[in-house]
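Visitor: The structure is given below, and queries will be raised subsequently.
The values are calculated or read from the model by the stated rules, or taken from the named source; none is laboratory data. Quantities reported herein were computed from a predicted structural model and do not represent experimental measurements. Virtual Cβ from ideal backbone geometry, glycine too; neighbours counted across all protein chains shown. Surface areas here come from the heavy atoms of the whole protein model, side chains and all, with no ligands, DNA or RNA. Shrake-Rupley method; radii C 1.70, N 1.55, O 1.52, S 1.80 Å.
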Amino acid sequence: MEEFITYLKNISPLKEESSSDFLSKCRKFSFQKGHYLVKDGQVSQYLYFVKSGIGKVFYLKEGKELIDWISDEGNLLTSVTSFLTHQPSKHYV
């Protein structure tokens, strides 16, 4: 989880107490390749930090996968609009 705190500190300074509080609310997940974090029609409830691997945000149009966003190691991943508005996603993550 230290990688995530480093990521946040690169955006804005964090006091040690704030870092500890923030980490207490974080959970570590591991997923297999091909696992969907969010599907079309679901609400994106989490903001994911990619520690290793790669993830993509995409939608389907006429049966074709159209990628909107790719996140690799050390970056965030979610269906942004759904996460911020608490509305169903139009994307797969």
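Visitor: If you check LYS28, LYS39, LYS33, which single one turns out to be assigned to a loop (DSSP other than H, G, I, E, B), modelled with pLDDT of 95 or more and open to solvent by 80 Å² or more (accessible area, probe 1.4 Å)? Working first, answer last.
Guide: Values: LYS28 fails: modelled with pLDDT of 95 or more; LYS33 fails: modelled with pLDDT of 95 or more.
Only one candidate passes the filter, namely LYS39.
Visitor: Something else about it: Given the structure, is TYR7 hydroxyl-bearing (Ser, Thr, Tyr), at pLDDT below 95 and outside any loop (DSSP other than H, G, I, E, B)? Please lay out each step first, then the result.
Guide: On the way: hydroxyl-bearing (Ser, Thr, Tyr): yes; at pLDDT below 95: yes; outside any loop (DSSP other than H, G, I, E, B): yes.
Yes: the conditions hold for TYR7.
Visitor: Only residues in segment 76-93 that are small (Gly, Ala, Ser) count as the first member; pair them with residues that are open to solvent by 40 Å² or more (accessible area, probe 1.4 Å) and part of a loop (DSSP other than H, G, I, E, B), Cβ under 6 angstrom, at least 6 apart or cross-chain, and list the lot.
Guide: Here the result reads SER79/HIS91; SER89/GLN42, each pair linking segment 76-93 to a residue that is open to solvent by 40 Å² or more (accessible area, probe 1.4 Å) and part of a loop (DSSP other than H, G, I, E, B).
Visitor: Right, next: Identify, please: which residue in segment 70-93 is at pLDDT 95 or above and in a strand (DSSP E or B) and is, among those, farthest from GLN32 (Cα to Cα)?
Guide: PRO88
Visitor: Find all pairs meeting these conditions: Cβ atoms under 7 angstrom apart; at least six residues apart or on different chains; first residue within segment 50-67 and polar (S, T, N, Q); second residue part of a loop (DSSP other than H, G, I, E, B) and open to solvent by 80 Å² or more (accessible area, probe 1.4 Å).
Guide: The qualifying pairs are SER52/GLU73.
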